[in-house]
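The values are calculated or read from the model by the stated rules, or taken from the named source; none is laboratory data. Given the structure is predicted, the values throughout are model-derived calculations rather than measurements. With ideal geometry, Cβ positions are generated from the backbone for all residues, glycine too; neighbour counts draw on all protein chains shown.
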Amino acid sequence: MTNHAHRAGRFLKNEERAAWHDKTLWMIRQKRDKMALDVPGWEELREQASQIKRHSLSKLNDYLVQFEEQAINNGAQIHWASTAGRLNEIVYRIIKENHASKVVKSKSMLTEECGLNPFLEKKGVKIIDTDLGERIIQLKQEPPSHIVMPAIHVKKEEISELFHQKLHSEKGNYDPTYLTATARLHLRQKFLEADVAITGVNFAIAENGAIVVCTNEGNADMGVHAAPIQIHCMGIEKIIPRTSDLAVFIRLLARSATGQHITTYTSHYLKPKTSGQMHIVIVDNGRSELIGKEDYRDSLKCIRCGACMNTCPVYRRSGGHSYHYVIPGPIGSILAPHSNSKKYKDLPFASSLCGSCSDVCPVKINIHGQLYRWRQDLSQKGVLSPIKKSIMKISGKILTSTKMYDWSGRIARWCIEHFPRKLIYNRLNIWGKERELPEASRESFKQWYNKNYGEGGKNGQK
Amino acid sequence: MQIGLFIPCYIDQFYPKVGIATLELLEKLGLEVYYPSEQTCCGQPLANSGAEDEAIQIYNKFVRIFSKFDYVVSPSGSCVYHVRENYNILPQTDEVNRVRQNTFELCEFIVDILKTDDLKIVFPHKVGVHQSCHGLRGLKLGTPSELIMEHYSKVHRLLKNAKGIEIINLDRKDECCGFGGTFSIFQPDISVKMGKDRLDDHKRNGAEVITATDMSCLMHLEGIARRQKREVKFMHIAEILNSNRL
């Protein structure tokens, strides 16, 4: 397994592509800025959203129970899944009990997190992702590289080639309209054939048991309306108390995500169709444990807008796959280690801690603060490399002792000044691979000060 | 008013001229400045690498040295931010609180405490301001581009009053340079790419001098620029503010 730094290096090998990736996502960040600027009280709105989420999480148990009661009254069937595996089994059971075999799906990062597609495919169920980006990566057999724009790493020329191979579109036709039409035609057939439609959930409203899904392509609606059985999969943190709270999030979500005022569709699903079934699977998969961790609880406020990815200077230049977790970017880097701290120990370090993610986040998650906290916790857990640990230990000793610090500085400066260039810029000098070291200074500030203001600093010994 | 001068470790070792400029500037402003020579570092390099437990001894040393001053002033937004923000893990004694509250980055000290923004300087150059992240977003020296609020910048306020200065506009006004402390070593490819992109932005927009509140960002940018033989000068903001005083 390779770490983020290594994968990022690989991504950057193709400089032109990396520049294109960076520019594309930066444009979305700029669109977001323009949109946010047009909303009076944007910062107050963020604060309100943050507080609604905090409140909801603090009374999650009550709201979940209320939601369940309401949804059952509406005629929906509620299923509780404590783990990813349980979600997969529940969905499969519903499919099997109804003798179904064809499934369409729209807008669900949760099922991606739980590995639903491979699970169902193994059981012989045909599951088709119906959103354009999701369908592209499904055909490419790749994981998403972004939570809102899962195929943002794929260029239109590559999509054209992919569609030519898989969907028999015209070779060499790169026209996005043509490619979209090709996908649409192909997917229409899938919608018509489907027995079951699965969607993700953006918000679940406790007071009336409604599910809200925000989409641009309308595929959630298409699937749900056409198939007799609808299944909505949601994490427990999707709960908000009231419909009126929804307004706060709807104003923030699309603006933060893609720089739109609002998504094309904001679909509310309340009850099953006549002679249809509506299932809601409520998934924990580690979330309730996260509520118990004070330093990290706030990450559950996330509404999956992806703004932290679009703004992150590291994400934009390393691509979503460099994070090797289902959710990439800054938010993924604080979520991933909860599931496996050893496997994802590199991710909290895949950040310069610039803090842009926290300032752009519509629900005010202190993302870079959590990245910093993770670094400490991973070190405490003993999963960091022993070499790194001992370097830190030695550095700690040096920086605690004035004498050792002064002498180490002297030696380092002397080496830079006197050693031949080849020796200094050796293989182990990572800084020097593409950067010059600072020019050697014969004197430290301290030496200059002592010389000019008296040994030991005549003023220093206050 | 007694000022403790905190010169971060890398400035002490590699950029004494920045320390000298800071000291001279504060003295010109009529302040009584003390430089305790036992000082070493704020501990950030360790803590950012996950070794907060090793850093605590450095924090304690810092607090012991600097708690006796009315203010601690430093030419580094990042180190000041670290003291203010991340010394929260120490038992919050009077000394610790005092140090956390009274440690200031140079520009914010001049603007907020000395309440002046015209240092009567001349600097007839095209200047690109690199807004170091910890100063900008951590110490709130200015409005980050993400936040929708009235625009201000303490750094620009000080620079704008320099006679003859032209502050250039950047395409991305506050993107990170990619230094990020040990990030620059652990993630060298991304770090350097971020730095190159910042340099391109400054160059495209005609910067003759690139300045910042943090020499660490400039050390990284200058390291790339020198390797690539780019013609641009780097000056810490203290050097500009201390230059050519009328």
What about B:T182, is it buried (at least 24 other Cβ atoms within 10 Å of the Cβ), out of contact with any Lys or Arg (no Cβ under 6 Å at 6 or more places or on another chain) and not assigned by TED's automatic domain parsing to the domain that holds B:L25? no
Which numbered condition A:K107 misses (of (1) in contact (Cβ under 8 Å) with a residue 60 or more places away in the chain; (2) within 27 Å of the chain's Cα centre (by Cα); (3) farther than 30 Å from A:H4 by Cα): (3)
So which residues in region B:66-104 are within 17 Å of A:W374 (Cβ to Cβ) and either over 18 Å from the mean Cα position of the chain (by Cα) or surrounded by fewer than 20 Cβ atoms within 10 Å (Cβ to Cβ) (or both), if there are any at all? B:E85, B:N88, B:I89
Do we find that B:P36 is outside any helix (DSSP H, G or I) and away from every other protein chain (no Cβ under 12 Å) in this structure? no
All conditions in (1) without any contact (Cβ under 8 Å) to a residue 40 or more places away in the chain; (2) buried (at least 24 other Cβ atoms within 10 Å of the Cβ); (3) more than 7 Å from chain A (Cβ to nearest Cβ) are true of B:V63 except (2)
Does B:E95 meet the test of being over 21 Å from B:A212 (Cβ atoms) and either more than 8 Å from every other protein chain (Cβ to nearest Cβ) or in a loop (DSSP other than H, G, I, E, B) (or both)? yes
For region A:338-432, which helices (runs of 4 or more DSSP H) that fit wholly inside it have 2 or more residues that are small (G, A, S) and closer than 29 Å to A:E443 by Cβ? A:386-400, A:402-418
State whether the residues of region B:219-229 include one that is touching a strand residue (DSSP E or B) at 6+ places or on another chain (Cβ under 6 Å), modelled with pLDDT of 95 or more and either more than 25 Å from A:Y315 (Cα to Cα) or more than 8 Å from chain A (Cβ to nearest Cβ) (or both). no
Would you confirm whether any residue within region B:149-162 is in contact with a Phe, Trp or Tyr (Cβ under 9 Å, 6 or more places away or on another chain), within 11 Å of another protein chain (Cβ to nearest Cβ) and not aromatic (F, W, Y)? yes
Cβ pairs under 7 Å, 6+ apart or interchain, first in region B:98-122 and in contact (Cβ under 8 Å) with a residue 60 or more places away in the chain and within 14 Å of B:S74 (Cα to Cα), second in a helix (DSSP H, G or I) and of a type in the set (S, T, N, Q), ordered by first then second residue, are B:L106/B:T22
Residues (among the acidic types (D, E) and surrounded by fewer than 20 Cβ atoms within 10 Å (Cβ to Cβ)) located in region A:132-147: A:E142
Within region A:343-354, does at least one residue satisfy the condition of being small (G, A, S), within 11 Å of chain B (Cβ to nearest Cβ), farther than 24 Å from A:N202 by Cα and within 14 Å of the chain's Cα centre (by Cα)? yes
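Mind listing whichever residues of region B:49-60 are polar (S, T, N, Q), facing chain A (nearest Cβ under 7 Å) and in a helix (DSSP H, G or I)?
Passing the criteria: only B:Q57.
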Does B:V122 satisfy being within 30 Å of A:W26 (Cα to Cα) and more than 14 Å from chain A (Cβ to nearest Cβ)? no
Contact list please: Cβ distance under 8 Å, first residue in region B:159-174 and among the polar types (S, T, N, Q), second residue surrounded by 16 or more Cβ atoms within 10 Å (Cβ to Cβ) and not in a loop (DSSP other than H, G, I, E, B), pairs at least six apart or on different chains. B:N161/B:I121
